[in-house]
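These notes are about the structure you will find just below.
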Amino acid sequence: MSMASAARADEVIVLTPAWQGAVVAVEQAGQSNPWSERQLAEALVAEDHEVVGLLDEGGALIGYAVLARLPFEAELQAITVAPAARRRGVARALLEALISTATTWGSERLLLEVRASNAPALALYRGLGFIEEGRRRGYYPSSEASGPREDALLMGCAL
């Protein structure tokens, strides 16, 4: 069921708690280590967060992202695109919308972290002006049962 009768398929919208079920579904389908339903519910109601989403032509949520407002910066806390919608510009549209939001907030920088092995995300972030600012060694659990833990790259972009 679509909750976006006034939204276009290519338009990034601000998500409300009514979207929680759809956000959870995208998160669980798109992440190997998904956020919990409680974490997502809290982000959707937090005054210092903006949660945005992008819909397909039928009004179904195909991607979402969470931005947290910090005293001088903003942090991209999550971005997930449904597997069937990847490589179609969904993550770029979401991130561009959140860059605009962070700029409106007066944030000086936008921060994020990403798995070192996530080549598509790294290409997107670098293409939007993010640079590597640090590394958390062994931060992420392996995506394979017996594999080694993965590093997280800390990236930032001046706004």
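The table below lists the values:
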{"quantity": "Condition broken by Ala102, with the remaining ones in (1) part of a strand (DSSP E or B); (2) open to solvent by less than 30 Å² (accessible area, probe 1.4 Å) satisfied", "calculated": "(1)"}
{"quantity": "For Glu37: the one exception among (1) surrounded by 13 or more Cβ atoms within 10 Å (Cβ to Cβ); (2) in contact with a helix residue (DSSP H, G or I) (Cβ under 7 Å, 6 or more places away or on another chain); (3) at pLDDT 95 or above", "calculated": "(3)"}
{"quantity": "Pairs with Cβ under 7 Å, 6+ apart, first in the range 28-55 and under 23 Å from Arg86 (Cβ atoms), second of a type in the set (S, T, N, Q) and open to solvent by 90 Å² or more (accessible area, probe 1.4 Å)", "calculated": "Pro34/Gln28"}
{"quantity": "Cross-chain or 6+ apart pairs with Cβ under 8 Å, the range 100-119 first and under 29 Å from Ser142 (Cα atoms), then open to solvent by 40 Å² or more (accessible area, probe 1.4 Å) and of a type in the set (Lys, Arg)", "calculated": "Glu113/Arg136; Ala116/Arg135"}
{"quantity": "Residues of the range 19-30 classified as farther than 22 Å from Arg69 by Cβ and either over 12 Å from the mean Cα position of the chain (by Cα) or loosely packed, with under 14 Cβ neighbours inside 10 Å (or both), total", "calculated": "6"}
{"quantity": "Among residues of the range 19-72, those that are assigned to a strand (DSSP E or B) and touching an Asp or Glu at 6+ places or on another chain (Cβ under 6 Å), counted", "calculated": "4"}
{"quantity": "One residue from Leu54, Leu95 being closer than 20 Å to Leu111 by Cβ and crowded, with 20+ Cβ neighbours inside 10 Å", "calculated": "Leu95"}
{"quantity": "Residue in the range 107-126 that is of a type in the set (Val, Ile, Thr), out of contact with any Lys or Arg (no Cβ under 7 Å at 6 or more places or on another chain) and buried (at least 18 other Cβ atoms within 10 Å of the Cβ) present", "calculated": "yes"}
{"quantity": "Lone qualifier among Gly138, Gly147 - being part of a loop (DSSP other than H, G, I, E, B), exposed (fewer than 13 other Cβ atoms within 10 Å of the Cβ) and modelled with pLDDT under 95", "calculated": "Gly147"}
{"quantity": "Condition met for Glu75 (part of a strand (DSSP E or B) and modelled with pLDDT of 95 or more)", "calculated": "yes"}
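The values are calculated or read from the model by the stated rules, or taken from the named source; none is laboratory data. A quick note: this is a predicted structure, and the numbers were derived from the prediction, not measured. Note that each Cβ is placed from the backbone with ideal geometry, even for glycine, and that neighbours are counted across all protein chains shown. To get the accessible areas, we keep the full protein, side chains included, count just its heavy atoms, and leave off ligands, DNA and RNA. Shrake-Rupley method; radii C 1.70, N 1.55, O 1.52, S 1.80 Å.
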